[in-house]
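All of the numbers you see were taken from the coordinates with simple rules; none came from a lab. Computed from a predicted structure; not experimentally measured. In this analysis, Cβ positions are derived from the backbone assuming ideal geometry, glycine residues included, and neighbour counts consider all displayed protein chains.
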Amino acid sequence: MSTQAKQPMTMTQKILAAHAGKDFVAPGEFIQAKLDLVLGNDITAPPAIKEFTKLGQPAVFDNKRIALVPDHFTPNKDIQSAEQCRQMRVFAHDQSIENYFEIGEMGIEHALLPEKGLVVPGDVVIGADSHTCTYGALGAFSTGIGSTDMAAGMATGLCWFRVPEAIQFVLKGKLSEHVSGKDVILHIIGKIGVDGARYQSMEFVGEGVASLTMDDRFTIANMAIEAGAKNGIFPVDERTKAYLENRGKRPSVIFEADQDAVYAQVIEIDLAAIRPTVSFPHSPDNTRTIDEIERMEQEKGAITIDQVVIGSCTNGRLDDLRIAARYLKGKKVAKGVRVIIFPATQKIYLDALREGLIEIFIEAGAIVSTPTCGPCLGGHMGILAKGERAVATTNRNFVGRMGHTESEIYLASPAVAAASAVAGKIANPERA
Amino acid sequence: MSTSGRAFKFGDNIDTDVIIPARYLSTADPEILAKYCMIDIDDTFAGKVQKGDIMIGGRNFGCGSSREHAPIAIKGAGVSCVIAETFARIFYRNAFNIGLPIIECAEAARKIADGDEIRVDFESGKIENITKGETYQAQPLPPFMRDIIDGGGLIASIKKSRGEA
Ligand code: SF4
């Protein structure tokens with residue numbers, strides 16, 4: 001190479017360049033990158049397995065770098081889902097896939113993979129599930145792809161990408177009490193819209209990052225796709241390293257954006273100014289702050305609810321359950337409201353049990369479900385009837401997402417969801 | 001590598017439900033899907049479109065679900081290329097992976113009218129509007145992306161590169 005000045009890159013560009021064997025990759029450029037991990041679930045893996053079989057290749061590229069997680073319609077909700085799970089199970093067995101997680105050791109994929117140390121900083125990960133972007137919290141590049149990509153990834157260990165431009169989010173200050181990562185990402189999506197970061201990388205930086213817990217970061221990166229982004233990514237700091245200790249299965253490679261990296265946009269976010277935020281039906285960018293909701297309540301009456309769902313790959317981690325427990329402890333859920341809490345993994349479930357959180361939930365009148373995607377995608381375990389309204393800590397409130405096309409979903413943080421469960425209406429956790 | 005055909009123009013936010021409604025998803029057969037392609041927005045499309053024709057979209061083409069059936073239906077209908085101002089991300093991937101070339105070019109998407117005669121050169125990214133005598137420049141497809149299209153999709157091109165096809 002020449003002695004020419006090095007061209008600056010964002011964090012995502014650097015990770016992609018390293019995996020494409022290049023010194024520099026430019027936004028818009030197409031590259032082929034080496035994969036550290038390929039993920040599929042019980043809905044997306046079966047078609048990928050079918051495509052893989054067409055190649056006639058006897059074995060996957062690396063049986064340690066594929067993760068198969070039956071989480072969507074499990075425990076098998078009907079015969080069709082049982083058949084799909086079986087296809088995946090048989091394939092995992094035949095191919096000696098190391099990271100196949102059967103009921104009993106499973107969890108929702110995007111909570112499970114980081115927990116098991118399967119994703120480390122600097123990785124390139126693809127998953128046949130749009131919320132694969134969650135692992136950006138660990139300083140990895142990870143993104144959702146289709147079943148054909150998954151098939152090709154399993155066969156070759158490679159995937160093509162168009163290098164994304166980036167939006168830099170500079171986080172300042174600290175979150176106030178009752179506010180968490182969910183409010184941050186809902187606030188951002190409300191600000192930039194559901195295609196505000198289309199194709200782009202959302203890169204979170206600034207002194208405010210240090211104050212965010214890992215669970216906050218997972219929640220924020222998880223919903224990058226809801227702004228249309230290809231990935232969301234956080235720098236690796238002491239908290240990331242502490243999280244990875246005794247967990248990371250492979251050595252980390254830490255990439256940092258260059259000081260003079262070029263961004264399509266730079267947006268400053270004052271964490272201290274973020275209020276509890278709720279996405280109204282039927283789009284994640286249709287946000288209102290709790291203050292706006294309280295004013296609406298005075299004018300038009302409260303938004304009463306039928307169901308509260310606390311869990312999912314967005315907010316089913318231990319911190320989320322701790323927060324929920326804080327507002328439910330010693331209280332009763334409002335009469336007529338069904339509260340369903342689903343810890344995201346077996347480990348989270350057990351930790352919550354040992355901490356006494358499960359007892360708090362049951363005493364308050366909530367039910368606690370085994371880890372599953374179930375209610376989040378309207379699969380099972382909590383479908384909404386016509387006209388019903390739910391507050392959910394999940395990530396999508398599209399028409400019909402949790403059941404009937406005339407039901408409504410309000411996306412919120414665990415604090416708002418738990419406070420609402422007690423109040424029987426969308427409620428301000430600051431008053432709980 | 002190039003293609004030419006008549007333009008069929010559509011608007012912004014053409015979602016995958018418009019491209020192929022969910023009620024026809026019980027099969028992934030391109031010929032069957034092709035019959036229902038765009039049916040909810042233009043039920044004459046499937047009858048009119050000819051092999052080689054080019055589809056033009058506005059912003060955010062292919063938004064909505066991640067169903068691979070959408071590009072399969074378009075390709076099955078004979079469309080040789082989709083040009084749009086912007087594409088939704090997963091549609092973009094799926095299109096290439098099943099062997100349907102797509103090109104982002106805002107100028108072409110805006111200036112091309114329904115029925116214009118269009119020629120696209122994938123190597124140079126040049127889009128010629130023969131009817132209007134105009135030329136638009138898009139970013140050329142890099143060689144390995146062209147190989148995917150040439151090979152008839154991702155899986156087929158992997159096979160080909162291994163000398164099996
Ligand atoms: S919890 Fe919901 S969003 Fe997350 S992977 Fe499961 S279905 Fe998808």
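Does A:Ile348 count as in contact (Cβ under 8 Å) with a residue 24 or more places away in the chain, closer than 18 Å to A:His72 by Cα and either more than 16 Å from the ligand (Cβ to nearest atom) or not in a loop (DSSP other than H, G, I, E, B) (or both)?
yes
Out of curiosity, is A:Thr143 within 15 Å of the ligand (Cβ to nearest atom), closer than 23 Å to A:Gly117 by Cβ and touching a His at 6+ places or on another chain (Cβ under 8 Å)?
No: the conditions fail for A:Thr143.
Return the residues of the stretch B:95-124 that are within 14 Å of chain A (Cβ to nearest Cβ) and not β-branched (Val, Ile, Thr); say none if nothing qualifies.
Within the stretch B:95-124, the first condition is being within 14 Å of chain A (Cβ to nearest Cβ), and the residues that meet it are B:95-106, B:122-123.
The answer is B:Ala95, B:Phe96, B:Asn97, B:Gly99, B:Leu100, B:Pro101, B:Glu104, B:Cys105, B:Ala106, B:Phe122, B:Glu123.
Are there any pairs with C-beta distances below 8 angstrom linking a residue in the stretch B:142-165 that is more than 7 Å from every other protein chain (Cβ to nearest Cβ) to a residue that is exposed (fewer than 15 other Cβ atoms within 10 Å of the Cβ) and hydroxyl-bearing (Ser, Thr, Tyr), with the two at least 6 apart or on different chains, and if so which?
B:Asp147/B:Ser161; B:Gly151/B:Ser161
Mind checking which residues of the stretch A:373-390 are within 13 Å of the ligand (Cβ to nearest atom), more than 14 Å from every other protein chain (Cβ to nearest Cβ) and assigned to a loop (DSSP other than H, G, I, E, B)? Reasoning before the result, please.
Let us first name the residues in the stretch A:373-390 that are within 13 Å of the ligand (Cβ to nearest atom), namely A:373-382.
Checking which are more than 14 Å from every other protein chain (Cβ to nearest Cβ) leaves us with A:373-376, A:379-382.
Hits for the stretch A:373-390 are A:Cys373, A:Gly379, A:His380, A:Met381, A:Gly382.
Take B:Glu123 and tell me if it is of a type in the set (Asp, Glu) and surrounded by fewer than 16 Cβ atoms within 10 Å (Cβ to Cβ).
yes
(1) aliphatic (A, V, I, L, M); (2) surrounded by fewer than 18 Cβ atoms within 10 Å (Cβ to Cβ); (3) within 15 Å of the ligand (Cβ to nearest atom): which one isn't true of A:Ala59, the others all being true?
It fails just one condition, (3).
Could you look through the stretch B:64-94, keep only residues that are closer than 22 Å to A:Ile43 by Cα and facing another protein chain (nearest Cβ under 8 Å), and pick out the one that is farthest from the chain's Cα centre (by Cα)?
Going through the stretch B:64-94, the residues closer than 22 Å to A:Ile43 by Cα turn out to be B:64-73, B:88-94.
Filter once more, keeping what is facing another protein chain (nearest Cβ under 8 Å): B:66, B:68, B:88-90, B:92-94.
Values: B:Ser66: 16, B:Glu68: 13, B:Ala88: 13, B:Arg89: 14, B:Ile90: 14, B:Tyr92: 9, B:Arg93: 12, B:Asn94: 11 Å.
In this case the residue turns out to be B:Ser66.
Any chance the stretch A:71-83 includes a residue that's within 14 Å of chain B (Cβ to nearest Cβ), within 16 Å of the ligand (Cβ to nearest atom) and either under 17 Å from the mean Cα position of the chain (by Cα) or not small (Gly, Ala, Ser) (or both)?
yes
Residues of the stretch B:96-132 being on the phi > 0 side of the Ramachandran plot and touching a helix residue (DSSP H, G or I) at 6+ places or on another chain (Cβ under 7 Å), which ones? Spell out the reasoning first.
First, the residues of the stretch B:96-132 that are on the phi > 0 side of the Ramachandran plot: B:99, B:115, B:125.
If the condition is that a residue be on the phi > 0 side of the Ramachandran plot and touching a helix residue (DSSP H, G or I) at 6+ places or on another chain (Cβ under 7 Å), then B:Gly99 is the only one that fits.
Being under 10 Å from the mean Cα position of the chain (by Cα) and either surrounded by fewer than 23 Cβ atoms within 10 Å (Cβ to Cβ) or assigned to a loop (DSSP other than H, G, I, E, B) (or both) is the filter here; which residues of the stretch B:46-61 pass it?
B:Asp53
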